[in-house]
Amino acid sequence: MSNAMQEFSRYAHEYNTYNVIQAEVAATLVAELSSNCFTTVMDIGCGSGEVYKNLEKQHVSFEHFIALDASLEMLNIHPSDKRIEKICADFNNAETFEKFTLTGNSIFLSSSALQWSRDLDFTLSQIAKKTRDAHFAIFTSNTFKTLHQTAQITSPIYSEQRLKSAINKYYDADFELREYKLHFKSVREMFNYIKKSGVSGGEKQLTYNQTKALMQNYPLDYLEFEVLFVKARALEDSFI
């Protein structure tokens, strides 16, 4: 299991307390769907179910909902319904994409998950083969930008340019970049959020002394987030 999945699983029982930005991103992703009726909706990296909850709130209809996540703990707290099929699998593995077939008016959704793809080209190519339409919301490397600069470390996730380059290989896509800020009363509270929200993906790049120095020197009372929203349709030679 990857570091990201270990962190999500470890704090799954507290996740809904800390996923403030992820919840807002999921709501925006669903609000921008071009249709409100689908045969099948598949949510890759579904987590605790923010995408599903927003589909319900916004009265988007579907016959079948596939919730895929590598964390069984997350799937256990995801809503259940007769229309929901839960799959515990890692989107980094080819075998995962053999577990399901999408037919009819189907769409792939993914909110706050694809930044943890170990091989972005592989993941996107596999998604593009399954159904034409996809909407993604992906955190970029400018998330925690000042924190990384202060600690003199590089982001563990992809840049906006790298994401766009990979997506354009398989999709005709429209992009929108959005920035968010989340304020905290103290740096300690901020670090607790990073630990339990899953946004760090379990990447432990700092020693104890480096973490202590960062807590003393971090210049802001908020964390920065940058999210790339993508409306995509698979290219003809990608969709097989």
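Amide H to amide H under 5 Å from F139: which residues, 5+ apart in sequence or cross-chain, H placed 1.01 Å off N in plane? Amide H to amide H, under 5 Å and 5 or more residues apart or across chains, F139 pairs with S112, A113, Q115, L228. Residues whose amide H lies under 5 Å from that of N92, counting only those 5 or more places away or on a different chain, are absent; hydrogens are built 1.01 Å from N in the peptide plane. Phi-derived couplings, Karplus 6.51 cos²θ - 1.76 cosθ + 1.60 at θ = phi - 60°, listed residue by residue for region 120-127: 4, 4, 4, 4, 5, 5, 5, 5 Hz, with x used for Gly and Pro.
Modelled spin labels at H183 and E56, positioned 7 Å past Cα toward Cβ, are 3.2 nm from each other. Once you reduce region 63-117 and region 120-158 to the center of their Cα atoms, the two points are 18 Å from each other. Relative to the dominant Cα principal axis of the chain, helix 187-197 is inclined by about 30°. Exceeding 32 Å between C-alpha atoms, which entries from my cross-link table qualify? They are K129/K195; K82/K130; K53/K212. Over 32 Å apart, Cα to Cα: K129/K195; K53/K212. Of D69, D172, D133, the order by accessible heavy-atom surface (1.4 Å probe, DNA, RNA and ligands excluded), from most exposed downward, is D172, D133, D69. Taking every DSSP helix (H) stretch of at least 4 residues in the chain, weighting each as -39,500 (n - 2.57) and dividing the sum by the residue count yields a mean residue ellipticity at 222 nm of -10500 deg cm²/dmol. Over all projection directions, the Cα-based convex hull of region 9-120 averages an area of 6.9 nm². Each of the peptides 48-58, 27-37 was scored by the mean count of other Cβ atoms within 10 Å over its residues; in descending order, highest first, they stand as 48-58, 27-37. Solvent-accessible surface of the chain, taken per residue with a 1.4 Å probe and all protein chains present: 47 Å². Using a simple spin-label model with pseudo-atoms 7 Å out from Cα toward Cβ, A94 and T39 lie 2.7 nm apart. Rounded to the nearest 20 debye, the dipole magnitude of region 78-205 is 420 debye, with +1 charges on Lys and Arg beta carbons, -1 on Asp and Glu beta carbons, and the Cα centre as origin. Net charge of the neighbourhood of T28, taken over other residues with C-beta under 13 Å away and scored Lys/Arg +1, Asp/Glu -1, is -2. Normalised by residue number, the volume inside the convex hull of the Cα atoms of the chain is 115 Å³ per residue. Each peptide in 121-131, 74-84 receives the mean, over its residues, of other Cβ atoms within 10 Å, and ordering these scores from highest gives 121-131, 74-84. Ordering of 93-101, 223-231 by packing is 223-231, 93-101, highest average first (other Cβ atoms within 10 Å, averaged per residue).
Backbone phi angles across region 103-113, fed through the Karplus curve with coefficients 6.51, -1.76 and 1.60 (θ = phi - 60°), yield HN-Hα couplings of 10, x, 7, 10, 8, 8, 10, 8, 10, 6, 10 Hz in residue order; Gly and Pro are listed as x. Counting only other residues whose beta carbon sits under 12 Å from that of A128, what net charge do I get with K and R as +1, D and E as -1? That works out to 0. Among DSSP beta bridges whose residues both lie in the chain, state the antiparallel percentage, nearest 5. About 50 percent, rounded to the nearest 5. Computed over region 47-86, the Cα gyration tensor eigenvalues convert (square root of 5λ each) into semi-axes of 18, 11, 7 Å, ordered from largest to smallest.
For F38, the residues whose modelled amide H falls within less than 5 Å of its own, excluding neighbours fewer than 5 places apart on the same chain, are S61, F62, E63. The slack between Q149 and N209, meaning 0.36 nm per residue of separation minus the straight C-alpha distance, is 19.9 nm. Here the chain exposes an accessible surface that is 46 percent carbon and sulfur, computed with a 1.4 Å probe and the other protein chains kept in place.
The values are calculated or read from the model by the stated rules, or taken from the named source; none is laboratory data. This is a predicted model, so every value here is computed, not measured. Backbone-built Cβ (ideal geometry, glycine too); neighbour counts: all protein chains shown. What goes into the accessible areas is simple: the full protein's heavy atoms, side chains included, and nothing from ligands, DNA or RNA. Shrake-Rupley method; radii C 1.70, N 1.55, O 1.52, S 1.80 Å.
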